[in-house]
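Everything below concerns the one structure shown next.
What follows draws every value from the coordinates through simple rules; no lab data is involved. Treat the numbers as computed from the prediction; the structure is a model and nothing was measured. Using ideal geometry, Cβ is built from the backbone for each residue, glycine included, and neighbour counts are taken over all protein chains shown.
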Amino acid sequence: MKLSILAEALGCRLAGSGEIEITGVAPVERAGPGQLAFLANPKYAARAKHTRASAILVAEPLEGAAAASLVSSNPYLDFSRALALFYQPPRPAPGIHPLASVAASATVGENASIGPFVAVGERVKIGRNAILHPHVVIYEGVEIGDDFLAHSHAAVREFCHIGNRVTLQNGVVVGGDGFGFAKRADGTHAKIVQSGVTVIEDDVEVQSLTSVDRASLGETRIRRGAKIDSLVQIGHACVVGEDNIICAQAGLAGSTTLEKGVLMAGQSGSAGHLTVHEGATIYARGAAGSDVPAHARFAGAPAFDAGEWLRAITTFRKLPEMLKTLRELLKRVDQLEKR
C-alpha cells in the first residue's frame, strides 16, 4: 500500500514521499524498510530518528529523521488502525461443523460459523455473523446478539444475555455461580442458589481465563464498551460501567458498582457493596475498601488518594532511620532528666 493511500485511509497529514510502499507495521526499534512504526511518547523521539522504518506515525513531524512522517493527533490509535489494515485474523467458513452439537430448539443467525465440538443448548438464540471456535459451550436459554466471537473453551452459562459485537477470549466463563454460602450452626456451609444472570452489553471484550459470575438474585452487568483483561474476577451482582478498563488479576467482590470510565490497574481490587464513581482510577495493587469519589486517583491497601499515598510510601521507607533518630533523642532526653 502506498504511503499516500495509507495517510488518506487514516486521515493523517503526510510529510515525505507518498510513493513509498508500505507492507506492514512494526515497533520503532525493530521496523525495517517498507514498514510503518509509531511514536506515541515524544521523549523517545531520539530513538525514532534512527529507525530503519520507511515511515513513522507521530504527533508532529520529526526533524532530522530519514523516515517519512504520518502526522496524527493520536499516533497510538492510528497505529492500531493501520495494523488492522495489514493483519486480518483468519475467519472460519460459515456453517455448522458436523461435530458440533446444536439443539433443535436453538436459533443461529445467518453467516455464523460453529466449529467442531461446540455445544449449543436448548432455546439458545445467536445473532448473525457469530464465530464459535472449537469447544465453546453455550448453555440453555442464552441470548446473544450479532457479531459474537467466542474463542476455544469459552462458556456462557444458562439464561445469560450477551449484546452485539462481544468478544470472549479463550477460557472465559460468563455466568458461573457467584461465591455465596451460608454458615450453618455446626460450622458447615450451605450453598446459596445463584438464580440471577449475567448481562453483557454491546462492544465488550473479555480476555482469557476471566470469570464474570452470575448473581444470586437480579443480575451481574457489564455495560457497553468495557474491556476486561485476563485473569479477572467479577463477583456476583457487580456492575462494570461503560468504557471501563479492568487490568489483569483485578478482582471485584460482590455488589461492587463501577461507574463510567473507571480504570482498575493490575492486581487492584474492591471490597463488596461499594461504588467507584465516574472516571476514578485505582492504581496497581490498590484495594478499595469504601466508595471512591469521581475522578479520584487511589493507591495502596487500603486505598486512599494517590498523591498522599506517594508521600506516605516515601516516608515509610525512611521509618527505620527516623526510628533510630527518635531513640537517640529519647536517650538524650533521659540523660538530661537524670542530671
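Data overview
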| item | result |
| --- | --- |
| Overall form of the chain per C-alpha gyration tensor (a/c, 1.5; a/b vs b/c) | oblate |
| Top positive-direction residue, dipole computed over the range 198-292 with Cβ charges, set Val199, Ser270, Cys247 | Ser270 |
| Charge context of Ile200, other residues only, Cβ under 15 angstrom, K/R +1, D/E -1 | -4 |
| For the range 321-335, 3J(HN,Hα) per residue [Karplus equation, 6.51 cos²θ - 1.76 cosθ + 1.60, θ = phi - 60°, Hz, x = Gly/Pro] | 5, 5, 5, 4, 5, 4, 5, 5, 5, 5, 5, 5, 4, 4, 5 |
| Note, ³J(HN,Hα) from phi for the range 229-244, Karplus 6.51, -1.76, 1.60, rounded to Hz, x at Gly and Pro | 6, 6, 6, 9, 10, 9, x, 5, 6, 7, 10, 9, x, 4, 6, 5 |
| Trypsin sites (Lys or Arg not before Pro) restricted to DSSP loop in the range 120-201 with at most 10 other C-beta within 10 Å | Arg184 |
| Rounded to whole Hz, the Karplus (6.51, -1.76, 1.60) HN-Hα couplings of the range 38-50, x for glycine and proline | 9, 10, 8, 10, x, 5, 9, 4, 4, 5, 5, 5, 9 |
| Surrounding net charge for Asp147, when Lys and Arg each add one and Asp and Glu each subtract one, Cβ distance under 13 Å | -2 |
